[in-house]
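Let me begin by presenting the structure, written as structure tokens, before commenting on it.
Read-outs throughout are calculated quantities, based only on the coordinates presented, and are distinct from any laboratory measurement. Predicted model only: the values in this text are computed from it and were never measured.
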Amino acid sequence: PDLQDPLQDDPKETDNSTSSDKETANNENEEQNSGTKRRGPRTTIKAKQLETLKAAFAATPKPTRHIREQLAQETG
């Protein structure tokens, strides 16, 4: 019997890039190819809004649509 670690010989393990690396590369390529693709301005979150959101998500990590709508009204 072969005493080598089977995980070392696994061909799936040879690719060291993560899926997020690949997604980032794909996003960069899409932006370069289209040239006209624009994103909206970044949203700036104020300290009070951040506190409200952190408290809500700490209490309920997956809030319902109703809760998210209330948060949207509260935080503007």
| How far, in nm, would the chain grow between L50 and L71 when pulled straight, counting 0.36 nm per residue and subtracting the alpha carbon separation? | 6.5 nm
| remark: Here the gain from full extension of F57 to R38, 0.36 nm per residue of separation minus their alpha-carbon distance, amounts to 3.8 nm
